[in-house]
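Structure, as structure tokens:
Taken together, the values in this text are just the output of simple stated rules run on the coordinates, not laboratory data. Just so we're clear, the structure is a prediction, and the values are computed from it rather than from any experiment. Here the Cβ is made from the backbone with ideal geometry for all residues, glycine too, and neighbour counts use every protein chain on show.
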Amino acid sequence: MKRHGVLFLTAGFLLAADAPAPRTDHDKIQGVWKITVEVENGKEAPAARNEKVRIRFTADKMIVTDGDEKHECAYKLDPSRKPSTIEVTPDDGPNKGKKALGIYQLSGDTLTICLALGNGKDRPSDFTAKADSGRVRLTLERIKP
């Protein structure tokens, strides 16, 4: 009888060792997303524009594709902060190298990001992008493969 107990105990340890590590926000954010709502300084972007734009998160890049245009940004997440924070740094264009500070909320296949527009702007503390706030709020939905 003792041998069976040892076998079950050993099997339990083996199963526990093979259990995947919990997925982090960094893991969960990776993939392709579409914009469902974009509000910049209180103005909502047209749905037709949002339909064309895709945002792909890789391990270290956020790649925004709008028709033939493609822009890459480095990004960093800090889910330990409340609210969770994101930092986006464009690799090209007029804002190349200028950090945009923001916050994000990841819930299943919905990602909400609120960014301060412009280098040196304070990080948002909430998910609003009212008129003259200098903010953009994106609500994204994951595109499933």
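Assorted remarks:
- Against the test of being more than 26 Å from Lys144 (Cβ to Cβ) and free of Cβ contacts under 8 Å to residues at least 40 places away in the same chain, the options Gly97, Gly42 yield a single qualifying residue, Gly97.
- Restricting the stretch 117-137 to residues that are hydrophobic (A, V, I, L, M, F, W, C) and touching a residue at least 60 places away in the same chain (Cβ under 8 Å), the residue that is nearest to Asn95 (Cα to Cα): Leu117
- Residue count, the stretch 48-64 (criterion: of a type outside the set (D, E, K, R) and in contact with a Phe, Trp or Tyr (Cβ under 9 Å, 6 or more places away or on another chain)): 4
- Test: residue in the stretch 40-50 that is among the hydrophobic types (A, V, I, L, M, F, W, C) and under 17 Å from the mean Cα position of the chain (by Cα): no
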